[in-house]
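Read through the structure below, which is laid out as structure tokens, and then see the notes.
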Amino acid sequence: MDKSEERLWHFWRIILRFGIYAVIAPLAVYFVPNLITFGQWKRPTPADFVPTVEAVCIPTVRAMKEYQRDNGHLPNTIDELVPKYLSTMPSWGQFIGPNHWYVDYEVMGQTIMYQFSSDSEGWSVMGRYVNGPIPLPRVTIGPSTEPVHPLP
């Protein structure tokens, strides 16, 4: 093999190695860690939390709003919701203020929150990887079905 062929072969080996590294590097640095951490190839977005919120969190917030409708204020503790508004005590969640409900529900290492204040009511997610509003409407309830007691 003469020198020109050897240099050409050396050049193509460098190009091939560079191409292999160009393909493997994003997999190793971005995609595989996301797959391990989140169970998906990309980082989560607030929209990825919609199914969890609908299945797990909305019933508790709805119960809190029903309590507020019937009593004029949000409950002081989660115990006040059971058994009238919730059939069982949820194994997660705690209050963090008069207008906030902190859902201590570990979803991909993130925290789901529902804010009750009227100017910014709605769902949001906070954490190391995702921050922002979850694209869901406000939780609403219907009018009370309890009879209204006339004032004396």
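Structural remarks
- Selection of region 1-45 for residues being among the small types (G, A, S) and loosely packed, with under 10 Cβ neighbours inside 10 Å yields S4, A22, G39.
- Counting the residues of region 1-55 that are of a type in the set (S, T, Y) and over 26 Å from L136 (Cα atoms) gives 3.
- Scan of region 23-50 for residues that are more than 30 Å from E121 (Cβ to Cβ) and either of a type in the set (V, I, T) or at pLDDT 85 or above (or both), ordered by number: V23, I24, V29, V32, I36, T37
The values are calculated or read from the model by the stated rules, or taken from the named source; none is laboratory data. Nothing here was measured: the structure is a model prediction, and the numbers come from that model. All Cβ positions, glycine included, derive from the backbone under ideal geometry; neighbour counts span all protein chains shown.
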